[in-house]
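Peer 1: The structure that follows is given in the form of structure tokens.
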Amino acid sequence: MAEPLLSVENLVTHIFTDHGVVKAVDGVSLTIAPGEAVALVGESGSGKSMTAQSLMRLPRPPARILSGSVRFEGRDLLTLSEREMRAIRGGRMGMIFQDPSTYLNPLMRVGDQIAEAVMLHRKMRRAAARAEALEAMRLVRIPAPETVMDYYPHQLSGGMRQRILIAMVVTSRPSLMIADEPTTALDVTVQAQIMRLLAGLRTELGSALLLITHDLGLVAEFCDRVYVMYGGRIVETGTAEDIFYAPRHPYTRALMRSTLGPERRVERFEAIEGNPPNLARLPPGCSFNPRCPERLARCAHDAPPLFASASGVASRCWLAEGGSDERAA
Amino acid sequence: MRGLDISLYVVRRLAQAVPLIFVVILLNFFLIHAAPGDPIDFLVGSMDASPEYIEDLRREFGLDQPLGTQLWAYLTRMAHFDLGYSLRYRQSVLDLILSRMPATLLLMVTALVASSAVGILLGVIAAQRPYSATDQTSTFLALAGYSMPVFWLGQLVLIVFSLHLGWFPTQGMYSLRAPAEGWGRIVDVLHHLALPAFTYSLYHLALIFRLTRIKMQETLSLDFIVTARAKGASEGRVVYGHALRNAILPVVTVIGMNFGFMLAGSVLTETVFAWPGMGRLLYEAIQARDYPVLMGLFTVLSLMVIAANVVTDLIYAVIDPRVVYR
């Protein structure tokens, strides 16, 4: 692989609450090549969103980034000053959020919110910035942008609001777009439109995409590579194809079985037993072991490292030790 | 389109105030009639008046008529803005009240504007660093501020700043020796205004501070604040450009509501500082059982509160685009 666009090493972000330390991101490493579409998959509470926010250094007390490095376009973001970091946020790196109804300022016209994103990164008068905003609104295919520009968020549908958030991000032609569950809060029909829009923008702008989701259907359709996250750690990674056709980690397999696809019938749908782990009190050993159907004796006390296999899939599971793949059939 | 909506809303909101005003006037009338004591007793005082003379007086003021007739006469006069004639001041009640209104408005508006501005600013600063020393100190002071009764605080500041330190005058609105016009006059009035305005505004300041602080903290934890940070906005831009306007909405409502409480509070403050306004007039009128003045004051004060509420609603509608104009 050429020089990666983003390379994260051993990122640790903890949340210091009254009930203990929540290890939301506990030694995450991942890379994204320029223009690549990468998925970060996991249940709610697995630390995906906190990972995404940490890439932009957004976590605020009680959450804190403790260690690791985030190399982006040749610089370690964790060592930049706050001012330098502000230039990255919404500049080279843009973020799209889950619920567009709460992520827009309710008292500000949407056109002004987009124009603000422009003015924060380029010295520009308001009129010129609004022209840029209009351009971005056309890019995300908002009909009648001249009119919509002067609307307030509550006057728009969920899908339109999400387009506004995306428009905010594309004004700066970022090299990396992070989309944190961009379709979760939307209707199914709108979900497809938004995903197609994001995919189209990626080719149009040449940006890389980090898609954070629990929807494996989206991953299969839109992503090149996948990171599966569980209990604040990456438990498996590989190309989308490998992860779909030859998942090795029992958690990934369980995740697959719990997904409804066109070839799956409702009666074969299987939920994963138990609950996602409490990130403040992770079990000893492998954090998935209490829920794992293929648990070995050592899993309860020995935490497995990430085992790489010849095919490029890496799994944090004792069953994958030595690169052997005897269980896959 | 929104412009037209707003004008319709203004008209409708004003129309809604009309029945309210009518009810207030009725209420004032019955309140005064239910109160014990009779103005004639006060006029006559301890002098030995003959029953015939008292009857004459009662007839003169219409007090011998049945209640319905008195009410009708009262309403007719109100419709002509005739608030009656003060028995004590020997002056038209409307003129009397209007002559006292500027002093009260000066004191109130100064206190309301200054305390709201300072309260909001302190609240915003405290909210940015929750549980810091600044936050803890200002929260403690605010608690102290609104636990102190006005009459007590007023006398305390008088003793310290006027009697001991001699920095401020003890009473009234102007000194006799000061120039009667120009800058000298303005400085003199401001000098007299300082202590009563401070006393008057401390409670309000504490309230606005605490409300702004909590609302600001809430707003800063909302999702759209993350969006603002993610697009590269500075902390100042996030706080003042995004959070403040959202946090301020409920504060605006409370400031408007407090206008009414402050009018009520003007009785105490103006009495302590001998400020020649409507509050002091009310106090004097109660002492003198000056019914026409009391009724007039109640009516005018009620109108002012209703007007303040309408204005608050309109301001709210202007700053919150989500208000539905119904």
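Peer 1: What number of residues within the stretch A:50-63 are of a type in the set (S, T, N, Q) and at the interface with chain B (Cβ under 10 Å from one of its Cβ atoms)?
Peer 2: 1
Condition check ((1) open to solvent by less than 50 Å² (accessible area, probe 1.4 Å); (2) touching a Gly at 6+ places or on another chain (Cβ under 6 Å); (3) not in a helix (DSSP H, G or I)) across all residues:
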position: A:G200; (1), (2), (3): yes, no, no
position: A:L209; (1), (2), (3): yes, no, yes
position: A:M229; (1), (2), (3): yes, yes, yes
position: A:G238; (1), (2), (3): yes, yes, yes
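Peer 1: Which of the residues belonging to the stretch A:211-227 are outside any strand (DSSP E or B) and either out of contact with any Phe, Trp or Tyr (no Cβ under 7 Å at 6 or more places or on another chain) or surrounded by 24 or more Cβ atoms within 10 Å (Cβ to Cβ) (or both)?
Peer 2: Of everything in the stretch A:211-227, those that are outside any strand (DSSP E or B) and either out of contact with any Phe, Trp or Tyr (no Cβ under 7 Å at 6 or more places or on another chain) or surrounded by 24 or more Cβ atoms within 10 Å (Cβ to Cβ) (or both) turn out to be A:H214, A:D215, A:L216, A:G217, A:L218, A:V219, A:E221, A:F222, A:C223, A:D224.
For (1) over 17 Å from the mean Cα position of the chain (by Cα); (2) under 13 Å from A:G94 (Cβ atoms), each residue gets a yes or a no:
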| site | (1), (2) |
| --- | --- |
| A:R161 | yes, no |
| A:A167 | yes, yes |
| A:S172 | yes, yes |
| A:P182 | no, yes |
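Peer 1: Quick test for you: out of B:S99, B:S86, B:S92, pick the one residue that is open to solvent by 60 Å² or more (accessible area, probe 1.4 Å), farther than 20 Å from B:M257 by Cα and of a type in the set (G, A, S).
Peer 2: B:S99
Peer 1: Let me ask something additional. From the list B:S138, B:S99, B:S115, which one is hydroxyl-bearing (S, T, Y) and more than 30 Å from B:E235 (Cβ to Cβ)?
Peer 2: On inspection, the qualifying residue turns out to be B:S99.
Peer 1: Please state which of the following conditions A:R126 fails to meet, knowing it meets all the rest: (1) open to solvent by less than 30 Å² (accessible area, probe 1.4 Å); (2) more than 9 Å from every other protein chain (Cβ to nearest Cβ).
Peer 2: Condition not satisfied by A:R126: (1).
Peer 1: Additional query: Quick one: what pairs do we get from the stretch B:142-153, first residue outside the structural domain of B:L268 (by TED's automatic domain parsing), second outside any helix (DSSP H, G or I) and aromatic (F, W, Y), C-beta under 7 Å, 6+ apart or different chains?
Peer 2: none
Peer 1: So, one more: Just to be sure I understand the filter: pairs with C-beta atoms under 8 Å, separated by 6 or more residues or on different chains, first member in the stretch B:304-315 and of a type outside the set (A, V, I, L, M), second member open to solvent by 40 Å² or more (accessible area, probe 1.4 Å) and assigned to a helix (DSSP H, G or I). Which pairs pass?
Peer 2: Sorted first by the residue in the stretch B:304-315, then by its partner, the pairs are B:N309/B:M257; B:T312/B:T253; B:T312/B:M257; B:D313/B:R13.
Peer 1: Could you identify the single residue in B:G277, B:G296, B:G256 that is in contact with an Asp or Glu (Cβ under 9 Å, 6 or more places away or on another chain), more than 30 Å from B:V318 (Cα to Cα) and modelled with pLDDT under 90?
Peer 2: Selected residue: B:G277, the only one of B:G277, B:G296, B:G256 that is in contact with an Asp or Glu (Cβ under 9 Å, 6 or more places away or on another chain), more than 30 Å from B:V318 (Cα to Cα) and modelled with pLDDT under 90.
Peer 1: May I pose another question? Hey, among B:G172, B:G232, which residue is more than 21 Å from B:F259 (Cα to Cα) and within 14 Å of another protein chain (Cβ to nearest Cβ)?
Peer 2: Result: B:G232 is the single residue among B:G172, B:G232 that is more than 21 Å from B:F259 (Cα to Cα) and within 14 Å of another protein chain (Cβ to nearest Cβ).
Peer 1: Every residue in the stretch B:129-159 that is open to solvent by less than 60 Å² (accessible area, probe 1.4 Å), under 23 Å from B:A111 (Cα atoms) and part of a helix (DSSP H, G or I), please.
Peer 2: Those that are open to solvent by less than 60 Å² (accessible area, probe 1.4 Å), under 23 Å from B:A111 (Cα atoms) and part of a helix (DSSP H, G or I): B:S138, B:T139, B:A142, B:A144, B:G145, B:V150, B:L153, B:G154, B:V157, B:L158.
Peer 1: Still on this model: Of the conditions (1) more than 14 Å from A:M149 (Cβ to Cβ); (2) surrounded by fewer than 24 Cβ atoms within 10 Å (Cβ to Cβ), A:V118 fails just one. Which one is it?
Peer 2: All conditions pass for A:V118, except number (1).
Peer 1: If you check every pair at least six apart or on different chains, which have Cβ atoms under 7 Å apart with a residue in the stretch A:102-114 that is at the interface with chain B (Cβ under 7 Å from one of its Cβ atoms) first and a residue that is surrounded by fewer than 18 Cβ atoms within 10 Å (Cβ to Cβ) and among the acidic types (D, E) second?
Peer 2: Close Cβ pairs (under 7 Å, with a partner that is surrounded by fewer than 18 Cβ atoms within 10 Å (Cβ to Cβ) and among the acidic types (D, E)) amount to A:T102/B:D223; A:Y103/B:D223; A:L107/B:D320.
Peer 1: Still on this structure, I have one more. Kindly indicate whether B:V93 is under 27 Å from the mean Cα position of the chain (by Cα) and farther than 17 Å from B:S266 by Cβ.
Peer 2: Spelling it out, B:V93 is indeed under 27 Å from the mean Cα position of the chain (by Cα) and farther than 17 Å from B:S266 by Cβ.
Peer 1: Go through the stretch A:13-56 residue by residue and tally those that are open to solvent by 20 Å² or more (accessible area, probe 1.4 Å), among the β-branched types (V, I, T) and either modelled with pLDDT of 90 or more or in contact with a Cys (Cβ under 8 Å, 6 or more places away or on another chain) (or both).
Peer 2: The number of residues fulfilling the criteria is 2.
Peer 1: Within the set of pairs 6+ apart or on separate chains, which have a first residue in the stretch B:114-137 that is closer than 11 Å to B:R213 by Cα, a second that is of a type outside the set (A, V, I, L, M, F, W, C) and open to solvent by less than 30 Å² (accessible area, probe 1.4 Å), and C-beta atoms under 6 Å apart?
Peer 2: B:I120/B:T212; B:L122/B:S138; B:G123/B:T212; B:A126/B:D135; B:A126/B:S138; B:R129/B:D135
Peer 1: A further question on this structure: What residue, among those in the stretch B:243-282 that are within 14 Å of another protein chain (Cβ to nearest Cβ) and of a type in the set (G, A, S), is nearest to the chain's Cα centre (by Cα)?
Peer 2: Residue satisfying both the conditions and the ranking: B:A247.
Peer 1: Here's another thing I want to ask about it. Among (1) of a type in the set (F, W, Y); (2) within 14 Å of chain A (Cβ to nearest Cβ); (3) farther than 30 Å from B:V310 by Cα, which single condition is B:Y240 missing?
Peer 2: (3)
Peer 1: I'd like to verify a number: residues in the stretch A:64-101 that are of a type in the set (A, V, I, L, M) and either within 12 Å of chain B (Cβ to nearest Cβ) or part of a loop (DSSP other than H, G, I, E, B) (or both), how many?
Peer 2: Number of matching residues: 7.
Peer 1: Residue by residue through the stretch B:240-294, note down the ones that are under 27 Å from B:P169 (Cβ atoms), of a type in the set (G, A, S) and crowded, with 18+ Cβ neighbours inside 10 Å.
Peer 2: B:G265, B:S266, B:G277, B:G279, B:A285
Peer 1: Inspect all residues belonging to the stretch B:204-225 and state whether any of them is in contact with a Phe, Trp or Tyr (Cβ under 8 Å, 6 or more places away or on another chain) and either modelled with pLDDT under 80 or within 14 Å of chain A (Cβ to nearest Cβ) (or both).
Peer 2: Yes, because at least one residue in the stretch B:204-225 is in contact with a Phe, Trp or Tyr (Cβ under 8 Å, 6 or more places away or on another chain) and either modelled with pLDDT under 80 or within 14 Å of chain A (Cβ to nearest Cβ) (or both).
Peer 1: Related question: Residues of the stretch A:164-193 being away from every other protein chain (no Cβ under 14 Å) and either crowded, with 24+ Cβ neighbours inside 10 Å or farther than 23 Å from A:A115 by Cα (or both), which ones?
Peer 2: Within the stretch A:164-193, A:T183, A:L186, A:D187, A:V188, A:T189, A:V190, A:Q191, A:A192, A:Q193 qualify.
Peer 1: Also, I was wondering about something else. Does the stretch B:283-305 contain any residue that is within 14 Å of chain A (Cβ to nearest Cβ) and either touching a Leu at 6+ places or on another chain (Cβ under 8 Å) or of a type in the set (S, T, Y) (or both)?
Peer 2: Scanning the stretch B:283-305, I find no residue that is within 14 Å of chain A (Cβ to nearest Cβ) and either touching a Leu at 6+ places or on another chain (Cβ under 8 Å) or of a type in the set (S, T, Y) (or both), so the answer is no.
The values are calculated or read from the model by the stated rules, or taken from the named source; none is laboratory data. Bear in mind that the values here come from a model prediction, so they are computed numbers and not experimental data. No Cβ is skipped: glycine too gets one built from the backbone with ideal geometry, and neighbour counts run over all protein chains shown. Note: accessible area is taken over every heavy atom of the protein model, side chains too, but ligands, DNA and RNA are not part of it. Shrake-Rupley method; radii C 1.70, N 1.55, O 1.52, S 1.80 Å.
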